[in-house]
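Structure record follows, encoded as structure tokens.
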Amino acid sequence: MKKIKIYLSALIAAGMMTTSCSDFLDRADTNGDYESNGFFSSENAIYDGAIGVYNMMYMNNVAGFYLVPTCVILDHMTPMLLERNENTTIGAGGTLNPDNETVLRIWSNCYIGIARANEVISGAEANAESMTEKSMQYLAEVRALRAYYYYLLTSIYGDVPFFHAPVPDDLYDTAFRTPREQILDYLIEDLNTCATALPWVREEVGRVNRGFAYGIVTRLGLLGGSLDIGGKGTEYYKAAATAAKKVIDEGGYKLTPTYGDLFNVTGQLKPEVRDEIFYELPYTGTATTVITHTVPYGQASRIQGQTSRHTSQMFADTYECTDGKRIDESPLYDNSHPQNNRDPRFAWNIWMDGDMSTVNNGRLTTQEISCYKDYVRLYDFATGQWSETPNIDKAGASASWASFCNAGVGLMNSKYCYETAENISASTVDIIVMRYPEILLSYAEAKIELGEIDNTVTDAINTVRRRVGMPDVGLDGCVTGETTTFSAQQKLRQRVRRERKVELMTEGLHLFDMHRWKTGAIENKYPSYGCPLIQYQYQAGNTYIEGGRRKKSLGLDPTDIPNFKTTPEEDLNDIPCYDAYKDKLKVRDLNRRWEPRFELWPIPQEELNRTKNITQNDGY
């Protein structure tokens, strides 16, 4: 066995790691070693080779996070979700540079996955004519995963070195950046060809299906269409719409009745949940194979978890009220109880002051969530007793600087946190990479951008909304009783973008959507505002008398509602402005900014040092 170099040099004569696993989840050897046999002549060998390609999908340890896969971290590179420290990777702080750990790790992990895929595909070519149907299926899985890795690379870095076969040593020094257009064209054709070898319904958890292959086509098509890559925007949008329509018409997929079942261990065991998921990262806590993560532990409160990652107010305020209208346009919105009368996905994805969270962190407990109280109530299911505990989450509490009220802005990301069956610090809930609602919304977006607006567009959007009881939108993009100054295309564009955020956040898509939609500047225009600060009102009228009696209040007036209409572009993309009452709110990321260079990440400096013909992206 030989140790593979990381970065692009992973592509040089890399043999494929094989395993002796008897279970698809048994993937203990993920250290990047390869065997040099380079030939896959049997069904079992190709199956084992595919496991090595799947292994790289976890991409753990990104940006110092342990046991948190990359697809969860990606949306924290946008203002919609926040890291514990003020976001210094992109936007706020702007330390997006060629030496950044995340920049390097994603690049290297993708190319290791590609190297493994190319070795399997190349090694099996000699037996193509005699290959079994199962072997063809496993090879199709490998080709789909290779396309996923290139999707990440082209979305994040732009033009990248492109290889679809193992790279001889003498070609490495001459590697160059291939235009995205060529990469997208090759991958779309390859995926449309290999997809038919995949089943619509998976046989094992943790393996891709035909819907996933076509789903990568939709992602590539939306990327090429949104950015008009090669001047072929219309062609790419059509490729995305065509692939998505195949999935909708032929796949037989449905949405599980309960949205929350998708994100906990018990719910994921239900057949209807598995039917919605195209691919997930599988985890297991069995005696023979232990693969766990800390996603829910890193999002729950300090009392029940660790609170490493947070929700932003911008994201929370994207959710409509139950009448289907945005909070600045709905009479149902109450800023003193903002979680009331909201899209039900708000409760499934966000916890805030006034909520109760039930979590298993070794003991099953229910916690009262408060940004302001010195003590909060805690119910212990083992004893059946309520008790009071010091509120280490409280804004300003010195005991927990990293709480959702201190490092965060008073909101928690509760997706994957509704867990009662197992300890959230060693979670085995599978992390979703792709599911059916993305296909529905991608189809709608592609058709909207093509100007081909018909009932299939609204049916796709409304299928996602109906699952949670939200009202239908019409061909004008409006719900009943809603008025707008937007054209039908603009209103539907707003609606589908909003749906992608509230349905799919934390699933690794918004970073790429932000780049595709060119919304980085407006999303990073303002600091991160959050929950109201405690304001002190003295009982001696309006005169502030030092030492006088006072009472606490949240300090918001009923009219303190964010302004989404600062500019037409901010209105279209649901970007709230809090300037009118910002002094009343928790704030962080005061140095947030956006630069045009952030549209692409830099090529890692260590890669530039190794490969003389690869050039850096502009501005780095």
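The values are calculated or read from the model by the stated rules, or taken from the named source; none is laboratory data. Here the structure is a predicted model, which means the values were calculated and not measured. Heads up, the Cβs are rebuilt from the backbone with ideal geometry, glycines too, and the neighbour counts pull from every protein chain shown. Accessible surface areas use protein heavy atoms only, side chains included; no ligands, DNA or RNA. Shrake-Rupley method; radii C 1.70, N 1.55, O 1.52, S 1.80 Å.
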Go through L145, L96 for me and flag whichever is open to solvent by less than 20 Å² (accessible area, probe 1.4 Å) and closer than 21 Å to A213 by Cβ. L145
Exactly one of A140, A124 is at pLDDT 95 or above and outside any loop (DSSP other than H, G, I, E, B), and that residue is A140
Identify, by number, the condition in (1) more than 17 Å from V464 (Cβ to Cβ); (2) at pLDDT below 95 that D275 doesn't meet. (1)
Of the conditions (1) over 17 Å from R610 (Cβ atoms); (2) open to solvent by 20 Å² or more (accessible area, probe 1.4 Å); (3) part of a helix (DSSP H, G or I), the single one that S155 does not satisfy is (2)
Could you check segment 578-603 and list, in sequence order, the residues that are in contact with a Ser or Thr (Cβ under 8 Å, 6 or more places away or on another chain) and surrounded by fewer than 18 Cβ atoms within 10 Å (Cβ to Cβ)? V587
What about R435, is it in contact (Cβ under 8 Å) with a residue 60 or more places away in the chain and touching a strand residue (DSSP E or B) at 6+ places or on another chain (Cβ under 8 Å)? yes
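Using the structure shown, decide if A128 is open to solvent by less than 60 Å² (accessible area, probe 1.4 Å) and in contact with a Ser or Thr (Cβ under 8 Å, 6 or more places away or on another chain).
Spelling it out, it is not the case that A128 is open to solvent by less than 60 Å² (accessible area, probe 1.4 Å) and in contact with a Ser or Thr (Cβ under 8 Å, 6 or more places away or on another chain).
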In segment 325-345, how many are surrounded by fewer than 20 Cβ atoms within 10 Å (Cβ to Cβ), over 20 Å from Q494 (Cα atoms) and under 26 Å from the mean Cα position of the chain (by Cα)? 3
Quickly run through segment 187-219 and pick out the residues that are within 12 Å of R143 (Cβ to Cβ), surrounded by fewer than 16 Cβ atoms within 10 Å (Cβ to Cβ) and not polar (S, T, N, Q). E189
So how many residues does segment 200-221 have that are β-branched (V, I, T) and either out of contact with any strand residue (DSSP E or B) (no Cβ under 9 Å at 6 or more places or on another chain) or in a helix (DSSP H, G or I) (or both)? 4
Determine which member of the set N44, N61 is closer than 23 Å to E133 by Cα and either open to solvent by 40 Å² or more (accessible area, probe 1.4 Å) or modelled with pLDDT under 65 (or both). N44
Across segment 560-577, what is the number of residues that are open to solvent by 60 Å² or more (accessible area, probe 1.4 Å) and on the phi > 0 side of the Ramachandran plot? 0
Just checking, how many residues over segment 604-620 are of a type in the set (K, R) and either within 21 Å of H515 (Cα to Cα) or surrounded by fewer than 13 Cβ atoms within 10 Å (Cβ to Cβ) (or both)? 1
Check segment 279-292 and report whether any residue there is within 30 Å of T196 (Cβ to Cβ), touching a strand residue (DSSP E or B) at 6+ places or on another chain (Cβ under 7 Å), of a type in the set (D, E) and in contact (Cβ under 8 Å) with a residue 24 or more places away in the chain. yes
How about segment 575-599: which of its residues are part of a loop (DSSP other than H, G, I, E, B) and modelled with pLDDT of 95 or more? I575, P576, Y578
Can you pull out every residue in segment 408-434 that is polar (S, T, N, Q), under 20 Å from the mean Cα position of the chain (by Cα) and over 12 Å from V265 (Cβ atoms)? N413, S414
With T196, T174 as the choices, which residue is in a loop (DSSP other than H, G, I, E, B), among the hydroxyl-bearing types (S, T, Y) and farther than 24 Å from L511 by Cβ? T174
Look at D393 and say whether it is more than 22 Å from the chain's Cα centre (by Cα), modelled with pLDDT under 95 and either surrounded by fewer than 24 Cβ atoms within 10 Å (Cβ to Cβ) or not basic (K, R) (or both). yes
Screening G354, G362 for residues that are closer than 24 Å to V68 by Cβ, surrounded by fewer than 21 Cβ atoms within 10 Å (Cβ to Cβ) and touching a residue at least 12 places away in the same chain (Cβ under 8 Å) leaves only G362
